[in-house]
Amino acid sequence: MANMSLKKNEMPVQEPDVRNKNFKEVALGYTEEQAIDEAKRCLNCKNKPCTTGCPVQIDIPAFIAKVAEGDFAGAYEVIARSSSLPAVCGRVCPQENQCEGKCVRGIKGEPVAIGRLERFVADWHNAQPETAVNKPASNGHKAAVIGSGPSGLACASDLAKKGYDVTVFEALHVAGGVLSYGIPEFRLPKSIVQKEIEGLKALGVKVETNTVVGKTISVDELMKEEGFESVFIGSGAGLPRFMNIPGENLNGVYSANEFLTRINLMKAYKPDSSTPIKAGTKAVIVGGGNVAMDAARCAKRLGADVYIVYRRTETELPARAEEVEHAKEEGIIFKFLTNPVEIKSTEDGWVKSVVCQQMELSEPDASGRAKPVPIEGAFIEIDADCVIMSIGTSPNPLIKSTTSGLDTQKWGGIVADEAGKTSKEGVYAGGDAVTGAATVILAMGAGKKAAAAMDEYMQNK
Amino acid sequence: MFEILEKRSLNPTVTLMKINAPRVAKKAEPGQFIILRTDSEGERIPLTIADFDRNAGTVTIIFQIVGATTEKLNHLNEGDCLQDFVGPLGRATETEGLKKVAVVGGGVGCAIAYPVAKKLHDLGVEVHSIVGFRNKDLVILEDEFRAASSKFVLMSDDGTAGEKGLVTDALKKLIESGEKYDRVITIGPLIMMKFVCRLTKEYEIPTVASMNPIMIDGTGMCGGCRLTVGGETKFACVDGPEFDGHLIDFDEAMARGAMYKPFERHAYEEACNLFKEVK
């Protein structure tokens with residue numbers, strides 16, 4: 001008999017007033033009892049609407065059925081058939097718009113907590129003693145993956161499982177891409193990311209850090225001189241946007257990328273870190289996406305009073321619902337319908353305040369969201385000593401400008417078809433480098449599709 | 001790993017290191033830079049490439065001991081390895097079409113100015129090098145500059161090496177004496193470059209300044225190295241490090257450069273104390 005509770009089993013979390021002062025993980029994870037109880041809420045629908053909402057098509061009812069039986073190893077096997085990063089996705093996927101958004105139980109009451117169950121299964125698996133990995137037999141073909149973020153890791157994993165000799169090239173000194181430099185420790189512990197990468201290495205994948213493709217070596221050189229038959233470009237969307245308003249280059253103004261990189265990659269939040277960070281006493285974060293929530297919650301943990309300034313209303317916030325909820329609980333103040341127009345300076349060149357135009361919503365724009373328009377003459381000034389611009393990123397032009405015959409969109413995204421095939425023979429692309437800034441799971445889905453296409457290409461060459 | 005193959009002290013505060021980094025050496029060009037970390041907890045610091053040997057697979061860096069990381073770096077010896085060494089980053093110095101160039105370097109900036117002078121010299125460009133230091137103990141690469149320049153002027157603040165005065169004094173004298181440069185390339189402290197650019201603007205000589213701002217990734221990702229050039233925001237790491245000196249907002253660059261001064265001073269003192277204790 002299914003558990004007919006209308007509500008999800010609640011996720012145990014660190015108390016808001018405790019966690020907003022530390023960088024440890026916020027959500028603590030289900031116990032076995034909670035997981036089994038939650039799994040019993042699944043109706044095991046024949047047509048699996050949840051699976052259609054999953055970018056990597058995990059057989060969700062099947063893994064949940066295993067959890068309900070207490071067969072966690074079996075549950076992991078089901079997930080691992082489709083996903084190479086379940087411990088990551090269980091934590092950072094926007095489930096409310098994907099699997100859980102399609103769950104029948106969500107029509108009346110809350111959907112099954114699919115994300116929490118995925119996380120439970122992955123964490124359970126990671127806590128088991130290591131089992132020897134069966135390294136697949138080599139098929140004699142060499143493939144390169146550029147970028148070690150979600151799309152690159154997914155692509156490398158699928159290719160390695162098919163026996164390809166895969167090398168992942170990473171520009172930074174640590175692999176993981178946005179999972180390492182972007183998403184904070186309290187939402188995605190770095191030990192989990194490294195564990196996933198170690199898993200890939202056990203499959204035989206080589207990871208070359210400190211290699212900036214487009215500078216250290218080009219795509220053409222990889223193919224012509226180093227013998228890579230096919231290349232996957234998963235270089236992400238790492239170029240930060242600024243608003244181009246007066247005062248944006250003052251001391252104390254960061255891009256979210258810089259702020260988060262200092263904290264996550266360089267560990268600037270640790271007292272003995274050799275990389276500094278200044279979140280100030282009053283920080284203003286501009287933007288409403290997941291990255292803005294991450295930056296805000298980091299600034300809070302570094303001791304600042306934090307304001308999120310967003311030009312639309314709460315309904316239009318693009319961030320995951322859970323992140324907004326957590327941010328609010330932690331004491332972050334939202335200023336909706338406000339848009340910065342100028343950052344004012346102290347005498348010695350530091351941020352003093354942010355002048356914001358007040359907005360109202362009018363007709364929906366091309367994206368379907370209500371368009372914010374200025375209310376004439378209505379301004380507010382917010383005192384601040386730190387401003388973090390979190391208004392989006394675009395693909396880095398480095399690879400485009402150094403790869404012959406690779407077509408890109410006007411805005412910088414690489415042109416690729418559904419399977420990831422680009423205008424250059426043997427070269428595939430996916431993730432944010434193609435779509436512009438999106439989600440971890442969409443990037444993973446693109447990496448997997450490209451791996452299948454690259455396999456076909458190399459086998460038929 | 002990135003082994004230190006050679007270490008040489010150029011003066012009491014400036015050190016040269018030759019690093020084994022074949023991939024970087026293969027692609028390096030004058031004007032570009034690398035980013036390194038000394039250890040697994042270290043910060044990322046950008047250093048301009050002073051020289052490279054494609055056949056030997058080595059890259060030479062020259063650094064001044066100014067902070068915690070350069071202090072730590074200076075405590076490494078031949079045979080030790082750097083944790084990370086990535087590059088070449090940034091754009092190379094543009095040399096096309098040049099016939100006569102004045103290279104103006106100040107302090108440790110001369111380490112970066114030298115490979116530029118050498119490349120121009122090798123390309124058959126007439127090079128006049130003007131280099132300035134605080135005093136004679138701090139002079140570096142004098143012989144190398146002489147070999148790469150048809151005219152070499154050494155300046156020092158206190159007159160203990162070459163002539164007493166600023167590099168701008170020497171540059172002005174050369175211009176007034178009728179030397180016609182089709183470009184001035186300046187590398188050194190921001191304040192020096194600001195005044196070099198102000199001078200060459202008066203004479204309408206195209207001038208390039210090499211910027212060395214605070215930087216993390218060096219690939220265009222963080223925007224920490226941004227500066228204003230001709231009213232537009234540019235990233236030194238991917239758009240530079242060299243820019244039209246007449247368009248750079250040097251005052252903003254100087255303010256941004258001072259952003260972490262108190263932190264840096266503290267970290268430097270701590271690093272120095274640590275090494276004292278070890279001794």
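Just so you know, all these numbers are worked out from the coordinates, no wet-lab data involved. Just so we're clear, the structure is a prediction, and the values are computed from it rather than from any experiment. Backbone-built Cβ (ideal geometry, glycine too); neighbour counts: all protein chains shown.
For the stretch A:48-79, name all the residues that are under 22 Å from residue A:193 (Cα atoms) and free of Cβ contacts under 8 Å to residues at least 24 places away in the same chain.
Listed by number, the residues that qualify are A:77, A:78.
Within the stretch B:90-136, track down each residue that is in contact with a strand residue (DSSP E or B) (Cβ under 8 Å, 6 or more places away or on another chain), closer than 19 Å to residue B:52 by Cβ and of a type in the set (Gly, Ala, Ser).
Passing the criteria: B:90, B:105, B:109, B:111, B:113, B:117.
Is there a residue in the stretch A:228-245 that is free of Cβ contacts under 8 Å to residues at least 60 places away in the same chain, of a type in the set (Asp, Glu) and on the phi < 0 side of the Ramachandran plot?
Within the stretch A:228-245, not a single residue is free of Cβ contacts under 8 Å to residues at least 60 places away in the same chain, of a type in the set (Asp, Glu) and on the phi < 0 side of the Ramachandran plot.
Could you identify the single residue in B:256, B:265, B:198 that is in a helix (DSSP H, G or I), charged (D, E, K, R) and either under 22 Å from residue B:93 (Cα atoms) or touching a Phe, Trp or Tyr at 6+ places or on another chain (Cβ under 7 Å) (or both)?
From the options B:256, B:265, B:198, the qualifying one is B:198.
So for the stretch B:109-117 (the condition being assigned to a strand (DSSP E or B) and crowded, with 18+ Cβ neighbours inside 10 Å), does at least one residue qualify?
no
Kindly list the number of the only condition in (1) surrounded by fewer than 16 Cβ atoms within 10 Å (Cβ to Cβ); (2) touching a residue at least 40 places away in the same chain (Cβ under 8 Å); (3) assigned to a loop (DSSP other than H, G, I, E, B); (4) not polar (S, T, N, Q) that fails for residue B:140.
The number of the failed condition is (1).
Given the condition more than 20 Å from the chain's Cα centre (by Cα) and among the hydrophobic types (A, V, I, L, M, F, W, C), answer yes or no: does some residue in the stretch B:143-160 qualify?
No: zero hits.
Restricting attention to the stretch B:230-250, which residues are more than 21 Å from residue A:238 (Cβ to Cβ) and away from every other protein chain (no Cβ under 11 Å)?
To start, the set of residues in the stretch B:230-250 that are more than 21 Å from residue A:238 (Cβ to Cβ) comprises B:230-231, B:242-250.
Those that are more than 21 Å from residue A:238 (Cβ to Cβ) and away from every other protein chain (no Cβ under 11 Å): B:230, B:242, B:243, B:244, B:245, B:246, B:247, B:248, B:250.
For residue A:197, all conditions in the list (1) in a helix (DSSP H, G or I); (2) farther than 20 Å from residue A:267 by Cα; (3) away from chain B (no Cβ under 14 Å) hold save one; what is the number of the exception?
(2)
Within the stretch A:227-286, how many residues are at the interface with another protein chain (Cβ under 8 Å from one of its Cβ atoms), among the β-branched types (Val, Ile, Thr) and in contact with a Cys (Cβ under 8 Å, 6 or more places away or on another chain)?
Selection size over the stretch A:227-286: 1.
Given the condition assigned to a helix (DSSP H, G or I), among the basic types (Lys, Arg) and crowded, with 24+ Cβ neighbours inside 10 Å, answer yes or no: does some residue in the stretch A:219-235 qualify?
Checked against the condition, which is being assigned to a helix (DSSP H, G or I), among the basic types (Lys, Arg) and crowded, with 24+ Cβ neighbours inside 10 Å, the stretch A:219-235 yields no hits at all.
Return yes or no: is residue B:45 closer than 30 Å to residue B:206 by Cβ and in contact with a Leu (Cβ under 7 Å, 6 or more places away or on another chain)?
no
Condition (residue is in a loop (DSSP other than H, G, I, E, B) and either more than 25 Å from residue A:10 (Cβ to Cβ) or touching a strand residue (DSSP E or B) at 6+ places or on another chain (Cβ under 8 Å) (or both)) applied to the stretch A:57-68: is it met by at least one residue?
yes
State all residues of the stretch A:370-382 that are farther than 29 Å from residue A:351 by Cβ and out of contact with any strand residue (DSSP E or B) (no Cβ under 6 Å at 6 or more places or on another chain); if no residue qualifies, say none.
Residues satisfying the conditions do not exist here.
Just name the residue that is farthest from the chain's Cα centre (by Cα) out of those in the stretch B:201-220 that are outside any loop (DSSP other than H, G, I, E, B) and polar (S, T, N, Q).
B:207
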